[in-house]
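Please read the structure below before turning to the comments.
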Amino acid sequence: MGMTMTQKILAKHAGLDFVEPGQLIEAKLDLVLGNDVTTPPAIDVFAMTCACGVFDRNKVALVPDHFTPNKDIKSADNCKKIREFAKAQGLTHYYEIGDPQMGVEHVILPENGLVAPGDAIIGADSHTCTYGALGAFATGVGSTDLACAMATGQTWFRVPEAIQFVLKGTLKKNITSKDLILYIIGMIGVDGALYESMEFAGPGVETLTMADRLTICNMAIEAGGKNGIFPVDQKTMDYLAQFAPERLAKKDFTVISADADAVYERTIEIDLAEVPMTVSFPHLPENTKTVGTFDEVTIDQVVIGSCTNGRLEDLRTAAALFKGQKVKKGIRCIILPGSQRVWKEALKEGLLEVFADANCVVSAATCGPCLGGHMGILAKGERCVSTTNRNFVGRMGHPESEVYLSSVPVAVASAIFGRIASPEEIEGK
Amino acid sequence: MNAKGKVFKYGANVDTDVIIPARYLNTADPKELAKHCMEDIDMSFVNRVQPGDIIVGGQNFGCGSSREHAPIAIKASGISCVIAPSFARIFYRNAINMGLPIMESTEASEGIADGDEVEIDFATGIIHDITSGENFTAKPFPAFIQKIIATDGLVGYIAKK
C-alpha cells in the first residue's frame with residue numbers, strides 16, 4: 001500500500017519508512033509559528049515547561065498581525081510580551097510593525113522564504129494549512145501545542161486519511177481559485193474533510209498560480225481538513241527562486257510526491273471549466289450559492305484582503321476592475337494588502353492610486369476586520385461582501401451583522417453596485 | 001471521575017467565534033473569557049450556567065479558529081463536559097490539552113434534551129440522562145488522556161511526570 005504526499009512527509013519527519021492512517025507519530029518540525037492572539041498564552045505555558053530556550057531560534061516565527069497596529073491597551077500589552085520574548089530568545093523571524101518583511105502571517109511566511117517543499121510546519125493559527133500550496137505539510141494547533149513545540153521542535157500527529165481532488169481543465173474568465181475552494185466546501189460541507197488531508201492533483205494543477213494554490217490551501221480548514229497540499233511543479237520552483245533563493249541554492253528542501261498506489265478515502269474529480277461564480281452566504285462557508293441565481297442582496301461594506309486573498313495578484317485583479325470606476329455612494333470598501341511587500345509593490349504599480357481614485361480606503365497590512373478585530377467592524381444589521389475565509393455569526397462585528405464570502409472580482413463588482421454583483425456587470429456598465 | 005449537571009443544548013457546527021468572539025481575544029484570562037462564553041449564540045448562557053453543567057452540541061463542534069481561548073472559556077464557565085457526535089480537530093486537541101473533557105456520541109447528542117439532568121462516568125463512557133432515564137455510551141478516554149484531564153491539562157500532566 002502506497003502513501004499520500006502528506007503521509008510521506010509525516011513519515012519522513014517521524015524517521016519512519018511507512019505510516020498509515022490513524023497511526024500516532026511524533027514528528028520533527030521545520031517551522032513553528034505563533035501570532036499575537038495565540039502566542040501570549042503560549043509564552044506562559046513555555047515558562048512552565050522549564051525549557052531553557054526555544055529549540056532553534058531560526059525556526060520559530062512570531063507574527064503580530066491580528067490586532068496590529070495595536071487596537072487597544074490589552075492588545076498592546078500582548079504584543080509587548082511577544083516582542084520581549086522574541087528578543088530574549090534571539091528569534092530571527094520576529095516581524096515588527098513597519099519591518100519590510102512584516103504583514104499577515106500566512107502571506108509573509110512563504111514570501112520571506114520560510115516555507116519549502118517537504119517541510120513539516122505547525123502554527124497556532126487555523127489557517128497555517130495555507131503552506132500546503134508549496135508541497136509542505138502544515139496545520140493549525142493551539143497555544144499549548146505551540147509552547148511545547150517551541151521547546152522541543154517536535155509534536156505528535158495522528159496520520160490523516162486523505163481526500164484526493166483531481167482537477168481538470170481551466171477556470172473560466174472571472175472565475176478564480178476562491179470560487180473553486182468555496183465550491184468545494186459547498187460540495188463536501190464544513191466537516192467534509194474532518195481530520196483528513198485534502199490532496200490536489202491532476203492536469204488542472206498546472207493552470208493554477210502559486211497565489212491560487214495558497215488561496216485554496218488556506219481554506220482547507222473551512223472544510224474541516226487537517227491540511228491541504230499541492231504537488232510540486234515548475235511553478236513551485238519559480239516561486240522558490242523568487243522568494244526562497246537561499247533554500248533553492250542550497251537544495252534545502254525535499255520534493256515529495258504521492259505514491260502511484262496511495263490510498264484515498266475518496267476521489268473527487270472537478271472540471272475547472274464547470275466551477276461557478278460562488279458566494280458563501282451567512283453563517284457558514286458551506287452555504288454556497290451561484291452568483292445570478294439569488295435575489296438581490298444589498299450591502300454596506302466590502303473587504304478585500306486577508307491571508308486568503310491579500311496577495312499582490314489579488315490587488316492587481318481588484319485594481320484592473322476598479323480602474324475608472326467608483327465605489328457606490330454610501331458603501332465602504334476597505335482594502336488590506338497582505339504584507340508590507342505587497343503594499344509597497346502595489347504602490348509602485350499604481351494600484352493604491354487606482355483604489356483611492358475609486359473611493360476605497362487602503363489599510364496597513366493586518367488581519368483587521370477578518371476576525372472582527374478592528375479596521376472595519378460591522379454594526380447591527382449590516383452586510384459585508386468579503387474576500388476573507390469565515391462568515392460565522394459575529395465574525396466581523398455585531399452578532400446580527402452578515403458576511404458573504406466571495407472572490408476578489410465579485411467583491412469589486414459588489415462595491416461598485418452596492419449589492420452582490422458579477423464582474424461581468426462592470427464590463428456592461 | 002464523574003460529571004453531573006444540567007444540559008445546554010446547541011446545534012451543529014458550533015464555531016469558535018460564537019464560543020468566544022474575537023473581540024474578547026485581547027486577553028487569555030480564563031475568568032474574563034468565561035464572562036463572554038457562548039455570547040453570540042446564547043446571551044443567557046453565562047447567567048444560567050452552574051458548575052458541573054454539560055454542553056451537548058451537534059456535529060463538528062468547535063469548528064473554526066485554533067484559539068485555545070474557546071475550550072478555556074467553556075471550562076472556566078463551569079462546564080464539566082462537552083458531548084457531540086464529532087469535534088473539529090484543533091478544538092479536540094485543544095480541549096484535551098486544556099483538560100476539558102469531551103465525549104463523542106451521536107446517540108447522546110440526539111437523545112438528550114435541553115435542560116435534562118445528565119450524569120457521566122468518564123471511566124466507562126456511560127452517559128446517563130437522569131431526566132429521561134435513558135443511557136448512552138461513548139468511547140471512554142484511554143488512561144493517559146484521563147490523567148491529562150485529571151491534572152488540569154497537558155501542562156499539569158507534564159509537570160506531574
Rg over Rh, two decimals, chain B (C-alpha only, Kirkwood Rh): 0.94
Whole-percent pair-distance distribution, where bins are 5 Å wide, for the alpha carbons of the range A:278-413: 2, 12, 22, 25, 20, 13, 5, 1
Alpha-carbon spread of the range A:367-418, three principal axes, descending order, Å: 25, 22, 18
Given A:LYS8/B:LYS31; A:LYS74/B:LYS75; A:LYS329/B:LYS35, the pairs whose alpha carbons are separated by over 31 Å: A:LYS8/B:LYS31; A:LYS329/B:LYS35
Pairwise Cα inverse-distance average, inverted: Kirkwood Rh of chain A (Å): 21.6
Whole-number percent relative contact order across chain B, with pairs defined as alpha carbons under 8 Å at least 6 apart: 24
Rounded to the nearest 20 debye, dipole of chain B from Cβ charges on Lys, Arg, Asp, Glu: 720
Hits among lysines - C-alpha to C-alpha of A:LYS59 under 16 Å, sequence gap 8 or more where chains match: A:LYS28, A:LYS87
Computed [θ] at 222 nm, deg cm²/dmol, the protein assembly as shown (DSSP H ≥ 4; -39,500 (n - 2.57); rounded to nearest 500): -8500 deg cm²/dmol
Across chain A: Cys residues that no other cysteine approaches within a C-beta distance under 4.7 Å: A:CYS50, A:CYS52, A:CYS79, A:CYS129, A:CYS148, A:CYS217, A:CYS307, A:CYS367, A:CYS370, A:CYS384
Given charges at Cβ of Lys, Arg, Asp, Glu: the range A:308-429 dipole, positive-most of A:ALA358, A:LEU378, A:GLN325: A:LEU378
For the range A:219-330: rounded, prolate or oblate by the Cα gyration tensor [a/c cutoff 1.5]: oblate
Relative exposure of A:MET375, A:MET1, judged by other C-beta atoms within 10 Å (fewest first): A:MET1, A:MET375
Residue list for the range A:411-429, given a label point 7 angstrom along the Cα-to-Cβ vector of A:LYS326 and an amide N cut-off under 19 Å: A:412-419, A:426-429
Cα convex hull volume per residue for the range A:1-91 (Å³): 130
For the range A:1-61 versus the range A:135-212, the gap between their alpha-carbon centres in whole angstrom: 18
Fewest-first ranking of A:LEU248, A:LEU371, using other Cβ atoms within 10 Å as the exposure measure: A:LEU248, A:LEU371
Descending semi-axes in Å of the range A:131-224, equivalent ellipsoid built from Cα gyration tensor: 28, 14, 12
Förster radius 41 Å - calculated FRET efficiency between A:VAL263 and A:LYS81, Cβ distance, rounded to 0.05: 0.35
Neighbour-count order for A:VAL302, A:VAL393, A:VAL361, fewest beta carbons within 10 angstrom listed first: A:VAL361, A:VAL393, A:VAL302
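Bear in mind these aren't lab numbers, they're just calculated from the coordinates by the rules spelled out. Bear in mind that the values here come from a model prediction, so they are computed numbers and not experimental data. No Cβ is skipped: glycine too gets one built from the backbone with ideal geometry, and neighbour counts run over all protein chains shown.
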